[in-house]
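Down below is the structure, laid out as structure tokens.
The values are calculated or read from the model by the stated rules, or taken from the named source; none is laboratory data. Everything numeric in this text was worked out from a predicted model, so none of it was measured. Note that each Cβ is placed from the backbone with ideal geometry, even for glycine, and that neighbours are counted across all protein chains shown. The area values use the complete protein model at the heavy-atom level, side chains included, leaving out ligands, DNA and RNA. Shrake-Rupley method; radii C 1.70, N 1.55, O 1.52, S 1.80 Å.
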Amino acid sequence: DGIFYLNSKGYKAIRMGRNEKKKINWSNENIIDYSTRSDQSDFLDFYIISKCKFVITSASGIKEIGSVFGKKSMMMNYFNLRNLINEDGKYVKIVLPKKILNKSTNKLLNYKFLVKSNIYNESKSEEGFSSNGYTIINNSSDEIKFAIIEMLDVFEQDFKSHNLNNQYEFFKIYQDTFNNINFNNCTISKDFYEMNKSLFI
């Protein structure tokens, strides 16, 4: 739905990736499935990303290539929130985190707890969380769409005018935990933050 929204605003979307077996079955000339093409190459991977307006991705290698070329990014299904300390920098990023459900209590883990605790190191991976009694919840189609709408609005305007004062309390956790690191160009999706505010504070 988010990609179709971008199409309605005059954007074309290119699906990146390698050796994908299943083609996307969308009859839309504004969506190009490069990931299943036979003419893929390392050069084309870099060239396509170097020419794009922005990148929508998970915390993957494509995001890193985008950063090399100074591309703004929206990162969905972001798992390890402690890794956000590596995301601040010159290039603007909007983050859409996953949720983690404690199966025994049937309650979602608080993001503040996730950042301050050692739980990521103890469980090490999403599979580790699953084996330790947690369910990892990916972002919904609506969450991704709303983040993309926000992304387009922010990226086409001045990011510094993006009012993030309500996220200050959450990001202060990083400042207190990781030697006063500052987040100047990284933010949680505003809509996601407001809809899940009790998980952040």
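Given only helices, namely DSSP H runs of n ≥ 4 each adding -39500 (n - 2.57), what is the per-residue ellipticity at 222 nm of the chain, to the nearest 500 deg cm²/dmol?
That comes out to -10000 deg cm²/dmol.
Each pair of Cα atoms in the chain enters the Kirkwood radius, and Stokes-Einstein at 4 °C and 1.567 mPa s then converts it into a translational diffusion coefficient of 71 µm²/s.
Under 14 Å from a label point 7 Å along Cα→Cβ of N184: give me every residue in region 63-99 with its amide N that close. Under cut-off, by backbone N: 88-93. Over region 38-195, Cα pairs under 8 Å with separation of 6+ residues give a relative contact order of 24 percent. Taking the 1.4 Å solvent-accessible surface of region 29-161 as the whole, the part contributed by carbon and sulfur is 49%.
Please report, to one decimal in angstroms, the Kirkwood hydrodynamic radius of region 1-88 built from all distinct Cα-Cα pairs.
Working: mean 1/r = 0.0705 Å⁻¹.
Hydrodynamic radius (Kirkwood, Cα pairs) of region 1-88 is 14.2 Å.
Distance between the 7 Å Cα→Cβ label points at S104 and I48: 4.5 nm. Compared with the alpha-carbon gap, the fully stretched path from D1 to T36 is longer by 10.5 nm at 0.36 nm per residue. Looking at region 11-149, the accessible area is 57 square angstrom per residue; that uses a 1.4 Å probe and ignores ligands, DNA and RNA. Relative to the longest principal axis of the Cα atoms of the chain, the long axis of helix 42-51 lies at roughly 80 degrees.
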